[in-house]
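S.K.: Structure incoming, see below.
The values are calculated or read from the model by the stated rules, or taken from the named source; none is laboratory data. Computed from a predicted model, the values in this text were never measured in an experiment. Positions of Cβ are backbone-derived with ideal geometry, glycine not excepted, and every protein chain shown enters the neighbour counts. These accessible areas exclude ligands, DNA and RNA; they are computed on the full protein's heavy atoms, side chains included. Shrake-Rupley method; radii C 1.70, N 1.55, O 1.52, S 1.80 Å.
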Amino acid sequence: MLKTQFKDGRSEPVLLAALGKTIGRGIINDIVMDENGVSGFHADLTVEGEQVTGPEKGQLIPINQSTIIGRALECDILILESELFRKHAEIGPLNDQLIIRDLGSANGSYVNAKKIDEVSLKDRDTQQFNKFSFIVKAP
C-alpha cells in the first residue's frame, strides 16, 4: 500500500488506493492544499502497481514549432513545480532535427540522464526536468 503525506507532517498520511485521490485547493478534493501554485483541482493521482501516476501519463504532445517548457503561465508546456525555472527549456524543430535547449535553469535539463545545454533528440530519448520525464516519439 502506498501513502502520501505532507513533508511537515501537518496532517495524517493519506492511503493511495487504485481508485486514486485528487489534490487541490477546493474542499471537494481528497487532499486539500491551500497554498500558492495549487489550483482548485490540481492533480488526480492513481496507483498502478507500486507507482503513482496521473492522467497525463502516456499523453502525446506534438512539437511542430518552438515550445517553451517551464512553470510560467505563458509557457507552452506548463509544469507547476517549484524546482523548475519559469522558462526552463525550449524544444523545437531546427534543420530537420528536434532540438532541446536549456534556458539557463539552475537545476538543469537532462537527456538520457546527462545534463545538457543543447542537444538533438532522437526517438526514445528521455528528457527530464527535475522529477518530470518525457520520452521522445519520433516518426
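S.K.: Can you tell me how many residues in the range 14-27 are of a type outside the set (G, A, S) and modelled with pLDDT of 70 or more? Please lay out each step first, then the result.
M.R.: The first filter runs over the range 14-27 and keeps only residues of a type outside the set (G, A, S), leaving 14-16, 19, 21-23, 25, 27.
If we keep only those that are modelled with pLDDT of 70 or more as well, we get 22-23, 25, 27.
Qualifying residue count for the region: 4.
S.K.: Output the qualifying pairs, or none if there are none: Cβ atoms under 6 angstrom, residues six or more apart or on different chains, first residue in the range 118-131 and without any contact (Cβ under 8 Å) to a residue 40 or more places away in the chain and aliphatic (A, V, I, L, M), second residue surrounded by fewer than 19 Cβ atoms within 10 Å (Cβ to Cβ) and in a loop (DSSP other than H, G, I, E, B).
M.R.: From the range 118-131, the pairs are L121/V136.
S.K.: State which residue pairs qualify: first residue closer than 16 Å to G108 by Cα and inside the range 69-82, second residue aromatic (F, W, Y) in any location, beta carbons under 8 Å apart, and separation of 6 or more residues or different chains.
M.R.: As it stands, the answer is I69/F129; G70/F85; R71/F85; I79/F129; I79/F132; E81/F129; E81/F132, since those pairs meet every condition given.
S.K.: Only strands (runs of 3 or more DSSP E) wholly contained in the range 55-139 count here; list those with 2 or more residues that are open to solvent by 40 Å² or more (accessible area, probe 1.4 Å).
M.R.: On the way: elements: 67-70, 89-94, 97-102, 109-111, 114-116, 118-121, 126-129, 132-135.
Result: 89-94, 97-102, 114-116, 118-121, 126-129, 132-135.
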